[in-house]
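Structure first, then comments.
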Amino acid sequence: MTETVEREIAGPRTYRNSAALVDNADPVWQAAADNGLIDIAVDHESNNRLVVPETGHAFANMCSCSYLGLNRHPAVLEGVVDAVRDTGTIELMTSTTRIRPTIQRRLEEELGDLFGAHALLSTTCSTVTAGLLPLLASGHLAPGGPRVMIFDRYAHFSMAYVKATCAQESLVLTSGHNDIDFIADACRKYPSVAYVADGAYSMGGAAALDQLLELQDRYGLYLYFDDSHSLSIMGERGEGFVRSRTAPGPLTTIVASLGKGFGSGGGVALLHNAAQAEFLARHGGPLGWSQNLSVPTIGAALGSAAIHRSPELGELQAQLRANLALFDELLPTPLSGNGLPVRRIDVGDADRAVRLSTELYQRGFYSSAVFFPIVPKGQAGLRVMIRADMDRSDLTAFAAHVTELSSAE
Ligand SMILES: *Cc1c(COP(=O)(O)O)cnc(C)c1O
């Protein structure tokens, strides 16, 4: 192809640039693959003991998002079986917007009641975001016309992925991480603005919630939070970091994956009224056209919801806090003591991060090497997630290996 023709066809690559992304990331992915760190198929003896059947290699999973271990809880597993038996199906294979099974409505009502919101369910949190954000940009979710969409630089991939679509509707900006001055400036400059961010960040840390709520009061800033990493682990009913401090409202939406701490699967939007849910089901792209949440997943979520109403939730949260405290004592990091379960061990260089992850894997611990575009360039490291059901002996051994290997490098 001639250069002129290529120029006519390619681009504008303002909000995504696959060539740059692949060129940067693929060599590191390949190094991870060459070291046997990706595409590992295992049998699941427990969350702490995964086994590769071909080799018998057993390892502890240090990067599971099942923060409370609910993915293996008997009540969750029983919920699956009960739901399938009661309905006699795994899914009503019809668009959710038109027909949905009563068990799905039951879960919506249950989650709405549990978290004090109007719950809209979807197959994944990514689908919720993909369906909702363009309508926030176009001005359909709140008065004030099309909204300038500010994405935090560290907002999860599932949100950043929708920038290009949002940009077809309104101006899209990227702020520095928790850059309140940038957001305040935009609020003064433009009539309506939305800020899109994680509540508890997938790579650690949290949103600057108090200051953001102040901007909302002053300027009518719309706040869209993905709180996937704190659902279930914080709050009396597991409502999470953001929902513990503020409620969904005309200018606030909270979304989360149910496939992390909640231990089931699916995604949920916590909305402020039924009209918003109905509107999104009609016009929110995949929120309407994609499949219903499967019946086994709904059953698991109902089982998990029951645990959220019981004293066991507080006990599991306390176990998680104890494991976090132990980890922070053994292996202090900049995120120590923040009450959230994601920890990062900074390495800097991507190849070194892959080497460290490989060595730890051979010693029986899987922790994920993270590198660009998962984290900014030059900030590669290991990502570790602490869970309530981790053994203290595993945490102690893991920390000792990391300390030994880091000092050897
Ligand atoms: C994991 C993750 C998601 C993806 O959730 P799905 O329900 O699998 O789409 C979305 N947002 C954040 C912040 C995540 O960490």
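The values are calculated or read from the model by the stated rules, or taken from the named source; none is laboratory data. On a predicted model such as this, the values are computed, not experimentally measured, just so you know. Cβ atoms come from the backbone with ideal geometry, glycine included; neighbour counts cover every protein chain shown. SASA here: full protein model, heavy atoms, side chains in, ligands and nucleic acids out. Shrake-Rupley method; radii C 1.70, N 1.55, O 1.52, S 1.80 Å.
Among the residues of region 8-48 satisfying the criterion of being in a loop (DSSP other than H, G, I, E, B), under 24 Å from the mean Cα position of the chain (by Cα) and free of Cβ contacts under 8 Å to residues at least 60 places away in the same chain, which is surrounded by the most Cβ atoms within 10 Å (Cβ to Cβ)? For region 8-48, the residue satisfying everything is VAL42.
Might you check whether a residue that is in contact (Cβ under 8 Å) with a residue 24 or more places away in the chain, in a loop (DSSP other than H, G, I, E, B), in contact with a helix residue (DSSP H, G or I) (Cβ under 7 Å, 6 or more places away or on another chain) and open to solvent by 10 Å² or more (accessible area, probe 1.4 Å) occurs anywhere in region 340-362? The answer is no, given that none of the residues of region 340-362 is in contact (Cβ under 8 Å) with a residue 24 or more places away in the chain, in a loop (DSSP other than H, G, I, E, B), in contact with a helix residue (DSSP H, G or I) (Cβ under 7 Å, 6 or more places away or on another chain) and open to solvent by 10 Å² or more (accessible area, probe 1.4 Å). For residues that are in contact with a helix residue (DSSP H, G or I) (Cβ under 9 Å, 6 or more places away or on another chain) and under 21 Å from SER202 (Cα atoms), scanning just region 49-64, find the one that is surrounded by the fewest Cβ atoms within 10 Å (Cβ to Cβ). It comes out as SER64.
In region 379-408, the residue that is modelled with the lowest pLDDT out of those that are out of contact with any strand residue (DSSP E or B) (no Cβ under 9 Å at 6 or more places or on another chain) and among the β-branched types (Val, Ile, Thr) is THR403. Can you name the condition, by its number, that ARG72 falls short on among (1) in contact with a strand residue (DSSP E or B) (Cβ under 8 Å, 6 or more places away or on another chain); (2) surrounded by 19 or more Cβ atoms within 10 Å (Cβ to Cβ); (3) farther than 22 Å from SER290 by Cβ? That leaves (2) as the condition not met. Restricting attention to region 211-269, the residues that are touching a residue at least 12 places away in the same chain (Cβ under 8 Å) and either more than 16 Å from the ligand (Cβ to nearest atom) or part of a loop (DSSP other than H, G, I, E, B) (or both) add up to 39. Considering each residue of region 242-255, count those that are surrounded by 24 or more Cβ atoms within 10 Å (Cβ to Cβ) and touching a His at 6+ places or on another chain (Cβ under 9 Å), and give that number. The qualifying residues number 2.
So for region 136-153 (the condition being within 15 Å of the ligand (Cβ to nearest atom) and either open to solvent by less than 10 Å² (accessible area, probe 1.4 Å) or in contact with a Pro (Cβ under 7 Å, 6 or more places away or on another chain) (or both)), does at least one residue qualify? Yes, region 136-153 contains a residue that is within 15 Å of the ligand (Cβ to nearest atom) and either open to solvent by less than 10 Å² (accessible area, probe 1.4 Å) or in contact with a Pro (Cβ under 7 Å, 6 or more places away or on another chain) (or both).
Of the residues LEU302, LEU293, the single one that is touching a residue at least 12 places away in the same chain (Cβ under 8 Å), in contact with a strand residue (DSSP E or B) (Cβ under 7 Å, 6 or more places away or on another chain) and assigned by TED's automatic domain parsing to the domain that holds ASP86 is LEU293. The single residue among ALA322, ALA305, ALA318, ALA281 that is buried (at least 20 other Cβ atoms within 10 Å of the Cβ) and in a helix (DSSP H, G or I) turns out to be ALA305. In region 211-241, what residues are closer than 30 Å to GLY263 by Cβ and acidic (Asp, Glu)? Once the filter is applied, which keeps residues that are closer than 30 Å to GLY263 by Cβ and acidic (Asp, Glu), region 211-241 yields ASP226, ASP227, GLU236, GLU239.
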